[in-house]
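Worksheet: one structure, shown below.
Every number here is computed from the coordinates shown, using simple stated rules; none is lab data. This one's a predicted model, so the numbers in the text were calculated from it and none came from an experiment. Cβ sites come from the backbone with ideal geometry, for glycine too, and all protein chains shown count toward neighbours.
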Amino acid sequence: MIDVKRIGKYEIIELLGVGGQGEVYKARDMSIGGRIVALKTLDIPGGKPRSYKAQEAFDRFRNEAEITAKLDHPQIAQVFDYGIDPETEKAFIARQFLQGEQLSKLIEKGPIDYDEGLRIVLSLAGVLDYLHKQGVVHRDIKPANIFLQYGIPMIVDFGIAYSEWTDKTKTQTGYHIGTSNYLPPELFDRKLRDKYRYSPSRDWWALGCVAFELFTGKKLFDEEETTILAIAVANKEEQEIIVEELKDHPAFPVVKGLLDRNPEERLNSVNDLKSVMKIKTDKIASKEEELKSFEFKQEIEKEEVLNENNKAVNLVYAEFWRRLIAALIDLPIIIAVYIIIEGILHIF
């Protein structure tokens, strides 16, 4: 991999991760007060896709930029910029830089206690409510695509998301698009998969899988091979046995409701989740207050960036006026010296 120092107007600070077709960097936007961003890249040799596979990857990349740029929610990483840098032959998406850790890293440490898990699940349900009202289905909800910043879950990676306003020919359309371990049973059923390919119900099933992991520390279905996984997902009795592990857990009603095998009966809103859980009002209020606090922190961060930009502009103006005033102060002296010299020349 080539050591990249700059991509377009972005100065590279450090490499954050490497994927199959690109990298993610921590970078500095040199055109706007040095704002720190996460720069996701896609390698495009020659500056444009030259094969079907490369075109598909590029369409997916552009799809992510277009969809995310139209969303406005404090728990969805904001996209600032998108483009192609001909010098490095990379497409890039510049988005909000998140501080914290992936939810998958937290789960690796073991099961999460009920109160914390409840807060995370309810918070994610609120984001899904927003997305689905905007006509967007994420299609890849999983712990690796959830980032905890200030303890608040942020959803990232909209590469295979579907939206009502995007061209379906530019959206990946396969039945098994997404991470197989988080796909619902209806997408493995030939009679149902056409109907539910773009349904929000798939996001709610995936949230159920995430909730199961939060409270148990392990995946609902851990098979790696898609065919074996499909058989496991199709086995209703096996799923019931697995979910029964949480039978005595306070979170059992919501996990069971989200993992309902009938997509029409599956829980599909924050209110649905609250209705099946024994939730104290103060817990909900606490979660809402925490989100408000998070939004406030984001506004503070934006304000700090604006302040830095304003300071830079003010310094430029101050230097301009300082030099202008100094020039005006010196002007009479220059004129006086000029007159004296002219007088001396006339004498001689």
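Data table
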{"item": "Out-of-range pairs (alpha-carbon distance over 19 Å; input LYS48/LYS90; LYS195/LYS274; LYS142/LYS219)", "result": "LYS195/LYS274"}
{"item": "Taking GLU244, GLU89, GLU186 and counting other C-beta atoms within 10 Å, the order from fewest to most", "result": "GLU244, GLU89, GLU186"}
{"item": "Inverse mean reciprocal Cα-Cα distance (Kirkwood Rh) of segment 6-96, Å", "result": "13.4"}
